[in-house]
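What follows draws every value from the coordinates through simple rules; no lab data is involved. In this text the structure is predicted, and so the values were computed from the model without any measurement. Note that each Cβ is placed from the backbone with ideal geometry, even for glycine, and that neighbours are counted across all protein chains shown.
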Amino acid sequence: MHPLLVGKISAQKLFDTSSGSLTLDRLEEEEDINRIHDYFSYEHFYVIYCKFWDIDSDHDLLINRDDLAKHNNGAISNKMIDRIFSGAVSNSQNMKEGKMSYYEFVWFLISEEDKCSPTSIEYWFRCMDIDGDGILSMFELEYFYQEQVHKMEIYGIEYMPFEDCICQMLDLVKPEEENKIRLKDLKRCKLTNIFFDTFFNLEKYLANEQKDPFSNLKDPDTPEVSDWVKYAEVEYDNLTHEDGANDDLDDENYDEDFEDDDDDGTEESKTKKLPNNNVLSSSQRIASVTNNKTDDLENELKRWKD
Ligand SMILES: [Ca+2]
Ligand SMILES: [Ca+2]
């Protein structure tokens, strides 16, 4: 089955923030493409695909380390990118070869945009626990913080020494055992986004510094909308309005995009016409990649929209 058709993943599990014992291995066992629609909406699928397309420079539907480092203008630290590709969260064959599939990117992006769900906490915990002993040690935390400090020095931003940062983080997480942060400590903590961003996403770390740390806490009286859903809504809106078009996968436009092309059917002849990715309409993005794999994805997108 094509990995792009994320039906391999049960989205119920992917988005289930109540189950705490999720692993990628178990996700890979699932084969239910229908149930996924209940959770993994067309909009979500579309947003993830556009994000993936943007960094997959050769459009072979696999991204390497350097591609992923471009995500969100290099927001994720290099050390963390290396950890993701080290097999910490997936040891699939393509990951062993240094390539991340769309399926693995789905997991990455959701973890990146919703750092408070149990699944995401597991994802980042695995990445940060370099020696795999189930504890985030001071050494491991400092290892990641060093790169943040280095970046802040370059940008001329005033920063906390590690000792102050760690006091703040321990105060935030309140681990059961002194100076040893375990997975269960983080799952109990309500502000894991702040914890993780502090160590590997400078942009979000600085943004967090600017706002009330408790603004992210859920109001118990309002229905819970995950950070992921909020992110997907905003991004979908941005992507579909960036060119003033909101009819991206309308059948007529879709066909015209192809009819205008030379008819030799090669990917190169179509993609080389494309200007800067940033000015492409979303429909052009979708239509510009024409190999078989992407046809599967396009069909899937259209099917979901109908
Ligand atoms: Ca690629
Ligand atoms: Ca460790």
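Taking a point 7 Å from the Cα of residue 143 along the Cα-to-Cβ direction, the residues of segment 89-131 with backbone N closer than 12 Å to it are 126-131. Taking 7 Å steps out from each Cα toward its Cβ at residue 54 and residue 133 produces label points 3.9 nm apart. Karplus-based coupling profile of segment 86-98, in residue order and whole Hz: 7, x, 5, 10, 8, 10, 5, 4, 5, 5, 4, 8, x, with θ = phi - 60° in 6.51 cos²θ - 1.76 cosθ + 1.60 and x standing for Gly or Pro.
Could you sort the peptides 155-162, 181-188 by per-residue average Cβ neighbour count (10 Å cutoff), highest mean leading? Don't skip to the answer; put the middle values down first.
Working: 155-162: 11.8, 181-188: 18.1.
Descending packing order for the listed peptides: 181-188, 155-162.
A straight chain from residue 93 to residue 177 at 0.36 nm per residue would run longer than the Cα-Cα distance by 26.5 nm.
Please say if segment 112-212 is rounded, prolate or oblate, where rounded means a/c under 1.5 for a ≥ b ≥ c the square roots of the C-alpha gyration tensor eigenvalues, and otherwise the choice is prolate for a/b larger than b/c and oblate otherwise? Cα axes put segment 112-212 in the prolate bin.
Between their Cα atoms, which of 51/180; 70/190; 99/211 are more than 32 Å away from each other? Write out the running numbers ahead of the final one.
Working: 51/180 35 Å; 70/190 29 Å; 99/211 36 Å.
Over 32 Å apart, Cα to Cα: 51/180; 99/211.
For residue 100, nonlocal amide neighbours, meaning residues 5 or more places apart or on other chains whose placed amide H falls under 5 Å from its own, are 63, 64.
Classify segment 106-156 as rounded, prolate or oblate, taking a ≥ b ≥ c as the square roots of the eigenvalues of its Cα gyration tensor: rounded when a/c is under 1.5, otherwise prolate if a/b is larger than b/c and oblate if not. Working shown, then result.
Values: a/c = 3.07, a/b = 1.31, b/c = 2.34.
It is oblate, given that a/c is not under 1.5 and a/b is not larger than b/c.
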